[in-house]
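Take a look at the structure below.
The numbers here are math on the coordinates, done by the rules we state, and not lab data. Since the structure is predicted, the reported quantities are computational estimates derived from the model, not experimental observations. When we count neighbours, we look across all protein chains shown, and the Cβ atoms used for this are built from the backbone with ideal geometry, even at glycine.
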Amino acid sequence: MTSLIAQAAAPATASPGGGYTQVIMLLLMMGGMYFLLIAPQQKKAKQQAALIAALKSGDEIVTSSGIYGVITNVKDDRFVVRIAENTKIEIDKASIARVTSQSDAEEKKSS
């Protein structure tokens, strides 16, 4: 009976290298998450920042809320956009979703 108690109380021996394989697997999972989630988001953010930096007067844009307009003036932190005849609004630079067409000066350069 005492031998059974002694065997139950004895600590189980860990397999050699067991702790290292868990750390390696954890690092591999973190690396995979970086390449699947973080890197594409950073790439998209850089593309959006480059798009906004390249905008100028005359570019036709769509805002994130779906408003179509033409940029009439570029300020430090916002754009003045004409959305209808005699109707202009000021929008934040971050609210630009996409560019529908570049200005005429850009089109003449490419042709």
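Each of residue 65 and residue 77 was given a label point 7 Å from its Cα along the Cα-to-Cβ line. The distance between the two points is 1.8 nm.
Order by neighbour count: 61, 91, 83, fewest other Cβ atoms within 10 Å first, most last. Working shown, then result.
Working: 61 22, 91 19, 83 13.
Arranged by neighbour count, lowest to highest, 61, 91, 83 become 83, 91, 61.
Counting every other Cβ atom within 10 Å of each residue's Cβ, 90, 60, 85 order from fewest to most as 85, 90, 60.
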